[in-house]
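The values are calculated or read from the model by the stated rules, or taken from the named source; none is laboratory data. All values derive from a computational prediction rather than experimental measurement. So basically every Cβ, Gly included, is an ideal-geometry build from the backbone, and we count neighbours across all protein chains shown. Protein only, heavy atoms only, side chains kept; ligands, DNA and RNA dropped before computing areas. Shrake-Rupley method; radii C 1.70, N 1.55, O 1.52, S 1.80 Å.
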Amino acid sequence: MAFWLARRPANDRFTYGYGRAEDLAGLFVVAMIALSSLLAGWEAIDRLLHPQAVSYLGAVAAAGVIGFAGNEIVARYRIRVGHQIGSAALVADGLHASRGPTPSSGC
């Protein structure tokens, strides 16, 4: 949504346009990553203090494979759309989420 908003032209209220929407979206992403890392750290410490047996190992492995594949598909989509709309932030986000640079990324 931020990338769509950033492409809107300037108007009387926002005379320089909406380009900062990408920056605000980036700050939101950073905040969510920080919150996720705090939660993961809390859970890791809890598991160290109160160990539990792993159950449904096959389902956990399948979820990992599906998550990896989904992440790779979305990363490539971000890179492609980022090039189409001229958003360096979206291309960088796609490259960061991907397993590495793709031939179409120019890196």
Exercise. Please give the net charge around Leu90, taking every other residue with its beta carbon less than 10 angstrom from that of Leu90, where Lys and Arg add +1 and Asp and Glu add -1.
Key: 0
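Across the chain, how large is the tail of the calculated P(r) beyond 20 Å, expressed as a percent of all Cα pairs?
Value for the chain: 60 percent of Cα pairs lie more than 20 Å apart.
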Quiz item: Roughly how many Å is it from the Cα centre of the range 64-103 to that of the range 24-62, as a whole number?
Solution: 22
Quiz prompt | J(HN,Hα) series, the range 64-79, from Karplus relation 6.51 cos²θ - 1.76 cosθ + 1.60, nearest Hz, glycine and proline x | solution = x, 5, 5, x, 4, 4, x, 5, 5, 4, 5, 4, 5, 5, 4, 4
Exercise. Would you mind working out the accessible area per residue for the chain, using a 1.4 Å probe, and quoting it in Å²?
Key: 79
Practice problem: Rounding to the nearest 20 debye, state how big the charge dipole of the chain is about its Cα centre with +1 on each Lys and Arg Cβ and -1 on each Asp and Glu Cβ. | Solution: 340
Quiz item: What number, rounded to the nearest 500 deg cm²/dmol, is the helix-based mean residue ellipticity at 222 nm of the chain, given -39500 (n - 2.57) per DSSP H run of at least four residues and division by all its residues?
Solution: -23000 deg cm²/dmol
Exercise. For the chain, give the percent of accessible area contributed by carbon and sulfur heavy atoms, probe 1.4 Å, rounded to a whole number.
Key: 68
Self-check item: Spacing of the two label points (7 Å from each Cα toward its C-beta) at His50 and Met1, in nm
Solution: 3.6
